[in-house]
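Asker: Questions regarding the structure given below will be posed in turn.
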Amino acid sequence: MYPLFPLKNRYTYDKKYDRALAIFLELRRGDVFELIKKHDLFDAIKDKIVLLMKFDGDEEKISTDEAAARPSVQMLVQHTERIPVSPS
């Protein structure tokens, strides 16, 4: 068992969803997309986009259509007003 797994459950139980989200992403486990939508955690993922994308799939080369079908990409596109894209 991962040492962070019980902590993820504790944060969820304590309704500290932003902290639970960080652990979900790090462990790459759980229904992170449902957690984000259910608890309106769009502000909490602004600095975790890379982790969200990694959670959603491997870093292999994929087609544009395959990338567009991923839940992380769909969430980012559907909520652009909540998750602004800024150039780096």
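Rule-based calculations on the coordinates, nothing more; no lab input. Quick caveat: nothing in here was measured; it's all calculated off a predicted structure. All Cβ positions, glycine included, derive from the backbone under ideal geometry; neighbour counts span all protein chains shown.
Asker: With +1 on each Lys and Arg Cβ and -1 on each Asp and Glu Cβ, and nothing else charged, work out how big the dipole of the chain is about its Cα centre, in Debye to the nearest 20.
Answerer: Working: 15 positive and 15 negative charges, 86 e Å.
It works out to roughly 420 debye.
Asker: Counting C-alpha atoms alone, how compact is the chain: give Rg to one decimal and Dmax as a whole number, in angstrom.
Answerer: 13.4, 40
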